[in-house]
Structure formats: structure tokens, C-alpha cells
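Let me begin by presenting the structure, written as C-alpha cells, before commenting on it.
The values are calculated or read from the model by the stated rules, or taken from the named source; none is laboratory data. As the structure is a prediction and not an experimental result, all values here were calculated from the model. Heads up, the Cβs are rebuilt from the backbone with ideal geometry, glycines too, and the neighbour counts pull from every protein chain shown.
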Amino acid sequence: MKTPMQELIDSLKRERMNPSNEWQIGYQKALINVISEAESMLEKEKNVIIDAYDYGFSDAKSNHDHNKRILQRNL
């Protein structure tokens with residue numbers, strides 16, 4: 001199963017492979033930059049997903065609302 005970010009990257013890569021006009025050269029270069037940036041965010045996305053799972057598991061196990069504390073800390 002792919003995350004939404006991975007699906008986006010795959011979609012952008014498919015788009016990059018279909019240049020049809022010369023004006024799209026700049027568009028293709030921009031897509032390469034966007035793909036690189038999205039790929040660099042995958043590790044961060046992974047960590048966010050892991051943290052969300054851990055917090056949810058902790059909440060369920062301990063019957064405490066850890067998410068409320070995290071939200072208050074980040075405000």
C-alpha cells in the first residue's frame with residue numbers, strides 16, 4: 001500500500017515521461033524539482049505516520065489523551 005505522497009510522486013513521474021511540445025521543457029524541469037522535493041519529504045511523512053500510530057496506541061492503552069497534550073504544546 002502506498003501513501004498519498006508516494007502516489008503523488010508516481011503520478012508526477014508519469015506526467016514527466018509524456019512531453020508533447022517544446023514549451024513543456026520548462027514544465028518538465030519544474031516537475032523534476034517537485035518530484036525531488038516530494039521524495040525528500042517521504043522520511044518525514046513516515047515519521048509522522050509512526051508517531052500518530054504510537055500516540056493513538058498509547059491513548060487507547062492508557063486511556064489518556066496524549067494528543068490533547070501534544071496539540072497544547074504545539075500551540
Pick from segment 26-38 the residues that are hydrophobic (A, V, I, L, M, F, W, C) and farther than 15 Å from Gln6 by Cβ: which of them is surrounded by the most Cβ atoms within 10 Å (Cβ to Cβ)? Leu31
Residue check, Glu7 surrounded by 13 or more Cβ atoms within 10 Å (Cβ to Cβ), in a helix (DSSP H, G or I) and at pLDDT 85 or above: no
Could we say that Asn33 is modelled with pLDDT of 65 or more, out of contact with any Asp or Glu (no Cβ under 8 Å at 6 or more places or on another chain) and assigned to a helix (DSSP H, G or I) here? yes
Check segment 39-51 and report whether any residue there is in a loop (DSSP other than H, G, I, E, B), surrounded by 10 or more Cβ atoms within 10 Å (Cβ to Cβ) and at pLDDT 65 or above. yes
